[in-house]
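Notes follow once the structure below has been shown.
The values are calculated or read from the model by the stated rules, or taken from the named source; none is laboratory data. All of these numbers come straight from a predicted model, not from anything done at the bench. Glycine also receives a Cβ, built like all others from the backbone with ideal geometry; neighbour counts cover every protein chain displayed. Just so you know, the surface numbers come from the protein's heavy atoms only, side chains and all, with ligands and any DNA or RNA stripped out. Shrake-Rupley method; radii C 1.70, N 1.55, O 1.52, S 1.80 Å.
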Amino acid sequence: MAETNKAAVEVFEGEDLAVSLAKYVADLSNKFTSERGAFTVCLSGGSMIEYLRKLPESPYLDSIEWSKWQVFWLDERVVPKTHEDSNYKLALDGLLCKVPIPPGNVYAINDTLSAEEAADDYETRIRELVDKNLITLSPSSGFPKFDLVLLGMGPDGHVASLFPGHPLVQENKRWVTFIKDSPKPPPERITLTFPVINASAYAALVVTGKKEADAIHSVLGKSENPIKLPVALVSPEGELKWFLDKDAASKL
Ligand SMILES: O=C(O)[C@H](O)[C@@H](O)[C@H](O)[C@H](O)COP(=O)(O)O
């Protein structure tokens with residue numbers, strides 16, 4: 001395992017990535033549920049849910065204290081929850097319907113609102129949970145501190161719905177914001193901002209595939225003039241761990 005700054009980078013073959021990711025998430029769930037009786041997790045769309053496929057299996061199905069999980073989304077598409085493009089639906093079908101997380105602990109985006117309204121609404125709901133001490137604030141930045149954020153990365157180096165060259169990448173006041181011109185369809189999305197991602201206690205970046213190799217090289221490889229892709233701005237207060245497959249790591 002290689003170390004970069006505070007980040008650990010591991011490259012996996014075949015099933016090993018999903019096996020290791022499940023153990024990583026389960027270990028953090030045990031840590032936070034025993035330390036503070038809750039585990040706040042932010043999910044992504046894309047292939048993340050597929051990579052979490054070992055969690056609803058033995059031994060984790062029985063060993064994880066699912067009732068203590070509080071589930072959020074890093075980003076969501078502005079579509080009905082039943083739509084094929086919905087990140088909520090993806091997580092529901094692939095993970096949430098298979099594990100006993102109380103429905104009240106699952107914070108889906110309100111799909112009856114416009115993008116602007118849904119972003120405001122999601123931020124307000126996170127603020128309410130901060131008031132109830134379910135989510136803490138980072139003492140250094142004042143942004144909400146999730147226990148674990150699970151990030152994917154697109155071939156262009158985007159994370160959540162923070163795309164290269166888009167002004168949202170610089171957002172430094174809002175906790176949750178919206179985009180109406182996402183280069184990855186569908187165009188309307190809401191997303192947590194970088195200060196929230198970077199306040200997290202733990203962050204995992206799960207990246208697989210040959211199309212991602214150039215972006216991975218630009219952020220983790222040795223380059224004289226590294227291009228600042230959004231993924232390069234992931235720098236949590238806590239620990240960052242990269243889970244790569246051989247294709248994504250092929251240019252390192
Ligand atoms: O809603 C989305 O589009 C996702 O949340 C998105 O941010 C995703 O995490 C990346 O695009 C990586 O996608 P893959 O894991 O499929 O490469």
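Express in whole angstrom the spacing between the alpha-carbon centres of region 54-79 and region 134-157.
The distance from the Cα centre of region 54-79 to that of region 134-157 comes to 16 Å.
Within the set LYS211/LYS246; LYS23/LYS222; LYS23/LYS241; LYS68/LYS241; LYS145/LYS241; LYS54/LYS89, which residue pairs have Cα atoms separated by over 21 Å? If you can, show how the numbers build up before the last one.
Details: LYS211/LYS246 12 Å; LYS23/LYS222 30 Å; LYS23/LYS241 13 Å; LYS68/LYS241 23 Å; LYS145/LYS241 17 Å; LYS54/LYS89 18 Å.
Listed pairs above 21 Å: LYS23/LYS222; LYS68/LYS241.
Mind giving me the FRET efficiency for SER58 and SER34? R0 is 30 Å, r the Cβ-Cβ distance, nearest 0.05 is fine. Before the final figure, lay out the partial values.
Numbers: r = 21 Å, r/R0 = 0.70.
The computed FRET efficiency comes out at 0.90.
Please report the carbon-and-sulfur percent of the accessible area for region 101-252; probe 1.4 Å, protein heavy atoms only, DNA, RNA and ligands left out. Don't jump to the answer; show the numbers that get you there.
Details: 3470 of 6680 Å².
Its accessible area is 52 percent carbon and sulfur atoms.
Rank-order 21-33, 103-115 by packing density, defined as the average count of other C-beta atoms within 10 Å over each peptide's residues, highest first. Could the numbers behind the result be given before it?
Numbers: 21-33: 17.9, 103-115: 15.1.
Listed from highest to lowest mean packing, they are 21-33, 103-115.
If the viscosity is 1.002 mPa s and the temperature 20 °C, what translational diffusion coefficient in µm²/s does Stokes-Einstein give for region 1-121 when Rh comes from Kirkwood over Cα pairs?
Values: Rh = 15.6 Å.
Result for D is 137 µm²/s.
Report the charge-dipole magnitude of the chain in Debye, nearest 20, computed about the Cα centre from +1 at each Lys and Arg Cβ and -1 at each Asp and Glu Cβ.
Numbers: 27 positive and 36 negative charges, 58 e Å.
Roughly 280 debye, rounded to the nearest 20.
Quick check: pseudo-label points 7 Å beyond the Cα along Cα→Cβ at ASP93 and SER141, how many nm apart are they?
Simple spin-label model gives 3.3 nm for this pair.
Identify the trypsin sites (Lys or Arg not before Pro) of region 180-252 meeting these criteria: DSSP loop state and at most 11 other C-beta atoms within 10 Å of the C-beta.
On the way: sites: LYS180, ARG189, LYS210, LYS211, LYS222, LYS228, LYS241, LYS246, LYS251; in loops: LYS180, LYS222, LYS228, LYS246, LYS251.
Within region 180-252, the qualifying trypsin sites (Lys or Arg not before Pro) (loop, at most 11 other Cβ atoms within 10 Å) are LYS180, LYS222.
So, R0 is 25 Å and r is the distance between the beta-carbons of ARG127 and LYS81; what FRET efficiency does that work out to, to 0.05? All intermediate terms of the calculation are to be shown ahead of the outcome.
Details: r = 22 Å, r/R0 = 0.90.
According to the calculation, E is roughly 0.65.
With label points built 7 Å along Cα→Cβ from the Cα atoms of LEU233 and ASN110, find their separation and express it in nm.
2.7 nm
With every protein chain in place, what's the accessible area of HIS83 (1.4 Å probe, Å², nearest 10)?
70 Å²
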